[in-house]
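Here it is: the structure, laid out below.
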Amino acid sequence: MTLYIDPPNWPGHGRMWSHLVSDVSFDELHAFAARVGLPGQAFDGDHYDVLSTAYGDAVRLGAVEVSSREVVRLLRGAGLRRPKR
C-alpha cells in the first residue's frame with residue numbers, strides 16, 4: 001500500500017494545502033486518510049486536501065513525498081483521475 005502526497009504549496013482559505021492520492025484504489029485512499037485523521041469532507045473527487053499542519057503526520061504514517069505533477073501522473077496512470085466539476 002503506497003500513498004502519495006505533494007508539498008503544501010496550494011493556498012486556500014488562508015492556509016496551505018497538499019494533495020493525498022493513491023495509485024491503487026479509493027478504498028486504500030479512504031482507509032489511509034482515516035488513519036491520518038482527515039475528515040470525509042476533505043475528499044475532493046480523486047484526492048484528499050491535506051492542511052500543511054497534517055502533512056508531517058501523513059508522511060510519518062507512510063505517504064511518499066512527490067511533486068504535484070507526479071500526483072497527477074499517478075492518478076492518471078491508475079485510471080483514478082476524475083475531471084473537476
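The values are calculated or read from the model by the stated rules, or taken from the named source; none is laboratory data. In this text the structure is predicted, and so the values were computed from the model without any measurement. Quick reminder, even Gly has a Cβ in these numbers, built from the backbone with ideal geometry, and neighbours come from all protein chains shown. Note: accessible area is taken over every heavy atom of the protein model, side chains too, but ligands, DNA and RNA are not part of it. Shrake-Rupley method; radii C 1.70, N 1.55, O 1.52, S 1.80 Å.
Nothing charged except the Cβ atoms of Lys and Arg (+1) and of Asp and Glu (-1): what's the magnitude of the dipole of segment 35-85 about its Cα centre? Round to the nearest 20 debye. Please report the intermediate quantities before stating the final value.
Numbers: 9 positive and 6 negative charges, 57 e Å.
Dipole of segment 35-85, to the nearest 20 debye: 280 debye.
Ok, one more. Would you mind working out the magnitude of the charge dipole of the chain relative to its Cα centre, with +1 at each Lys and Arg C-beta and -1 at each Asp and Glu C-beta, to the nearest 20 Debye? Walk me through the numbers before you get to the answer.
Values: 10 positive and 10 negative charges, 54 e Å.
About 260 debye.
Just the number, please: carbon plus sulfur as a percent of the accessible area of the chain, 1.4 Å probe, no ligands or DNA/RNA counted.
Working: 2630 of 4990 Å².
Carbon and sulfur: 53 percent of the exposed surface of the chain.
Helix-only mean residue ellipticity at 222 nm, the chain, DSSP H runs n ≥ 4 weighted -39,500 (n - 2.57), per residue, nearest 500. What is it? If you can, show how the numbers build up before the last one.
Working: 3 runs with 31 residues, N = 85.
Using -39500 (n - 2.57) per qualifying helix, the result is -11000 deg cm²/dmol.
Give me the distance in nm between label points sitting 7 Å out from Cα along the Cα-to-Cβ direction at Glu65 and Val24, one decimal.
2.3
Hey, another quick one. What do you get when you divide the Cα radius of gyration of segment 38-85 by 2.2 N^0.38 Å, with N the number of residues? Please report the intermediate quantities before stating the final value.
On the way: Rg = 11.5 Å, N = 48, 2.2 N^0.38 = 9.6 Å.
Compared with the compact-globule rule of thumb, segment 38-85 sits at 1.20.
Viscosity 1.567 mPa s, temperature 4 °C: Stokes-Einstein D of the chain from its Kirkwood Cα radius, in µm² per second? It would help to have the intermediate numbers written out before the result.
Numbers: Rh = 12.5 Å.
Result for D is 103 µm²/s.
With the other protein chains left in place, how much accessible area per residue, in square angstrom, belongs to the chain at a 1.4 angstrom probe?
59
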